[in-house]
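Quick one: this structure, given as structure tokens, is what I'll be asking you about.
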Amino acid sequence: RREPASAELVAQDLEQPAKKIVRLMGYVKNIGGAISLFGEWKQRKQFVDTYGKMQFLMPWDPAILEGTTAENCKLDLYIKAEGKRLVRYLALWRRRPAVENLLVQDCGHLVRDWIDKEAQSGCDRGGVPKIPEVNWKEKRPARMLGLNKEEFRRLRQDGWSTADLDRYRLARDAGLTVRLPADMELLRTAEVYNISRMLEEHPKAEFWRTLRYLHRQKADWSALRDYWRMAEQDGMDLTDNLVRWPRNLNAAHQRQINERQAEQERAYAEKRAKEREARRESFAQRAAGLEQYAFELDGLLIRPCADENELIAEGKALHHCVANYAQDHAEGKTAIFFIRKTSAPDEPFYTLEFDEKAKVVRQNRGLRNCDRTEEVKAFETAWLDWVRSMKRVKVCAKSA
């Protein structure tokens, strides 16, 4: 049977055992239909909070906490703020009673979101939420959030989210003047992470201008930072406003990327050309050595690769990766042969990789790596028989 998922917290005063003991818990139905209760009647350090996720819940009655040490924990305000993780809240309240001060001052949504964030990330691991965003040494809500009275008033009035609070504190703590509420609207156009990076990586004197520019451009900090870095590498004058603040950032950024890709492709092409030139003589020697295996039968022929350009053309025509075997072929680690129709000897048909020592075919592929047809299989078998018999003839002749 399925074990019941549960969440529990005991509200009790150990010094006053006469106090009422309360256990909040989630219930689920077993396969048999009965409702199960989980565990013992005691407080647990580790718990799983599943309130709000159960298939069946008893109605919540605030009176259940009357007479307990949690009677004034403001759980009703937490629920009003749409908090679902009741057990985590009670665990937090028991460790940090000052949390109720935030709920009384209409900050329940902040507490809710912080608890949810830790629960979803697994940071609390079934224990008491830590919420490092709050200074638990303080008792006054404003100071708990690291704000003065006016800042706290604005937070309540404008309904700041936890992300808004993070944005504001980052900008303020960096020494920037934040005009409320106008600058908060601008701060909201950027993710908290990007604001943090901007303040770390960019002159603070340009922060507000940069933020407004990114908002107009519908771009993020990473795009502008990358554009500036590439422009500087290219020797562009970033003191020129038209260069520093292009009219279309995304287009300017993409142009820089395209130029780099083109340069990389040119460098790669030059490198490959040099490698091909270095292998040219080896390819010619291999072609001469493998020519003895050229064979023709029933409208098909097989011959060795003549040079690397032919190998590249073969891969492009048949849409497979035989060009990657150039180095191994040149060094004698493998042997590449082309199978053609005798009626079209220059038209790619099948590409065969041959192990000269073992006299076996490693692979034989056609268009888009398709497998051999029955005709090609029969031809391959006949060719292998001929190659192997040719070897025996040479050995016999040598012995004689």
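The values are calculated or read from the model by the stated rules, or taken from the named source; none is laboratory data. Model, not experiment: these values are computed from the prediction. Counting neighbours? That spans all protein chains shown, and the Cβs are built from the backbone with ideal geometry, glycine included. We work out accessible area using only protein heavy atoms, side chains counted, and drop any ligands, DNA or RNA first. Shrake-Rupley method; radii C 1.70, N 1.55, O 1.52, S 1.80 Å.
Kindly indicate which of Q285, Q217, Q233, Q264 is at pLDDT 95 or above and open to solvent by 40 Å² or more (accessible area, probe 1.4 Å).
Q285
Mind listing whichever residues of the range 64-97 are out of contact with any helix residue (DSSP H, G or I) (no Cβ under 6 Å at 6 or more places or on another chain), open to solvent by 10 Å² or more (accessible area, probe 1.4 Å) and of a type in the set (G, A, S)?
G67
Give the residues of the range 217-239 that are charged (D, E, K, R) and either more than 15 Å from L249 (Cα to Cα) or in a helix (DSSP H, G or I) (or both), sorted by residue number.
Within the range 217-239, R225, D226, R229, E232, D234, D237 qualify.
Go through (1) touching a Pro at 6+ places or on another chain (Cβ under 7 Å); (2) buried (at least 18 other Cβ atoms within 10 Å of the Cβ); (3) of a type outside the set (S, T, N, Q) and name the single condition D158 misses.
Tallying (1) touching a Pro at 6+ places or on another chain (Cβ under 7 Å); (2) buried (at least 18 other Cβ atoms within 10 Å of the Cβ); (3) of a type outside the set (S, T, N, Q), D158 fails exactly one: (2).
Moving to a separate point now. Here are some residues: L90, L86. Which one is touching a Cys at 6+ places or on another chain (Cβ under 8 Å), over 21 Å from Q157 (Cβ atoms) and modelled with pLDDT under 95?
When all the criteria are applied, what remains is L90.
Of the conditions (1) more than 30 Å from D385 (Cβ to Cβ); (2) open to solvent by 40 Å² or more (accessible area, probe 1.4 Å), A252 fails just one. Which one is it?
(2)
Determine, yes or no, whether E150 is open to solvent by 20 Å² or more (accessible area, probe 1.4 Å) and in contact (Cβ under 8 Å) with a residue 12 or more places away in the chain.
So E150 fails the test.
Name the residues in the range 180-190 that are more than 22 Å from P141 (Cα to Cα) and in a helix (DSSP H, G or I), would you?
Selection gives A182, D183, E185, L186, L187.
Could I ask something else about it? All but one of (1) surrounded by 13 or more Cβ atoms within 10 Å (Cβ to Cβ); (2) more than 24 Å from the chain's Cα centre (by Cα); (3) more than 16 Å from Y168 (Cα to Cα) hold for V178, so report the exception by its number.
In the conditions (1) surrounded by 13 or more Cβ atoms within 10 Å (Cβ to Cβ); (2) more than 24 Å from the chain's Cα centre (by Cα); (3) more than 16 Å from Y168 (Cα to Cα), V178 misses (3) alone.
Answer yes or no as to whether D106 is among the acidic types (D, E), surrounded by fewer than 20 Cβ atoms within 10 Å (Cβ to Cβ), modelled with pLDDT of 90 or more and under 15 Å from L77 (Cβ atoms).
Considered against the rule, which asks whether it is among the acidic types (D, E), surrounded by fewer than 20 Cβ atoms within 10 Å (Cβ to Cβ), modelled with pLDDT of 90 or more and under 15 Å from L77 (Cβ atoms), D106 comes out as yes.
Pull up the range 293-333, narrow it to residues that are under 15 Å from E353 (Cα atoms) and among the small types (G, A, S), then point me to the one that is surrounded by the fewest Cβ atoms within 10 Å (Cβ to Cβ).
Checking each candidate, the answer is A294.
Note down all Cβ pairs under 6 Å where the first residue falls in the range 236-264 and is among the β-branched types (V, I, T), the second is open to solvent by 40 Å² or more (accessible area, probe 1.4 Å), and they're at least six residues apart or on different chains.
V243/M236; V243/D237
Name the residue, out of E308, E314, that is modelled with pLDDT of 95 or more and closer than 30 Å to R276 by Cβ.
Exactly one of E308, E314 is modelled with pLDDT of 95 or more and closer than 30 Å to R276 by Cβ, namely E314.
Any residue at all in the range 289-308 that is in contact (Cβ under 8 Å) with a residue 40 or more places away in the chain, hydroxyl-bearing (S, T, Y) and out of contact with any strand residue (DSSP E or B) (no Cβ under 9 Å at 6 or more places or on another chain)?
No, the range 289-308 contains no residue that is in contact (Cβ under 8 Å) with a residue 40 or more places away in the chain, hydroxyl-bearing (S, T, Y) and out of contact with any strand residue (DSSP E or B) (no Cβ under 9 Å at 6 or more places or on another chain).
Within the range 282-303, how many residues turn out to be more than 15 Å from R272 (Cβ to Cβ) and either touching a Lys or Arg at 6+ places or on another chain (Cβ under 7 Å) or of a type in the set (A, V, I, L, M, F, W, C) (or both)?
11
Restricting attention to the range 109-117, does a residue exist that is part of a helix (DSSP H, G or I), open to solvent by less than 10 Å² (accessible area, probe 1.4 Å), farther than 22 Å from R167 by Cα and touching a Phe, Trp or Tyr at 6+ places or on another chain (Cβ under 8 Å)?
no
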